[in-house]
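Scroll down for the structure; my scribbles are underneath it.
All of the numbers you see were taken from the coordinates with simple rules; none came from a lab. Predicted model only: the values in this text are computed from it and were never measured. Cβ placement follows ideal geometry from the backbone for every residue including glycine, while neighbour counts extend to all protein chains displayed.
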């Protein structure tokens, strides 16, 4: 099984398909390297596509030390993947937790990014401090649930969250696959990731000064029934100079698998425009 080794020795499982301009896909909290199969099957026809499982997600290593999980470490793991596979620049496509990480990669090493995509990004962020505290409390409860109840019980509850009902109702077969894969994860990895990455990462609003300087072409995608991510997605559009926003109607949080045709079409337009240096060709003159 192919693995790359992060600077701290943690082994990350990856798969790649296709040749051409590289695309690296970064999965969400409830996902893994398989989350992006609809994208790999489409884009590997003309791109070198790389997908990997983050630390804490088998078949990648599941470190037992809390200190081996953080937002900065997740960002550096993406860079480690680029380095190990000798990829100078790539499109970085992230979903939810992976969307936050993709933003951090774009801020830290913009020269390594052709473009950045943040899909379903914004959970845990709000302009209202009271809402942020409520989300932190929910994150703590979620981490505790995975730590104490085990993967089968915790995954069943987490998969049935309100923001995932759109896929459950419109695509029961796809939703069942998502829930099954989630139940194959590591409860320990999920607990560490929630307590040490999601609970402690800065909110989008706390990143405002950095986001105003974001220079890489950015595509923000959100489903209109993904309530925890709507405000954050609009905030990114209003804050990041290079941002474009796509809102997909009647769709929830599992957007890459729930609406793959719409997501793939948007990504295809982004990739072509960014590679041609034309993503900002329509930029407003302010008149």
Checklist entry - How large is the convex hull of the Cα atoms of region 88-189 per residue, expressed in Å³ as a whole number? => result 139 Å³
Next on the checklist: Normalised by the empirical 2.2 N^0.38 Å for globular proteins, what value does the Cα Rg of region 190-272 take?
Outcome noted: 1.19
Item to check | Share, in percent, of DSSP beta bridges within the chain that are antiparallel, nearest 5 | outcome: 20 percent
Checklist entry - What's the exposure ranking of 255, 248, going from fewest to most Cβ atoms within 10 Å? => result 248, 255
Checklist entry - Taking the Cα atoms of the chain, what is the range of coordinates along each of the three principal axes, in descending order and whole Å? => result 55, 43, 37
Checklist outcome for this item: Kirkwood Rh for region 143-287 from C-alpha pairs, in Å, is 17.3 Å
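Run the numbers for residue 156 and residue 282: contour at 0.36 nm per residue of separation, minus the present Cα-Cα distance, in nm.
Numbers: separation 126, 0.36 × 126 = 45.36 nm, distance 4.47 nm.
Separation in residues times 0.36 nm, less the Cα-Cα distance, equals 40.9 nm.
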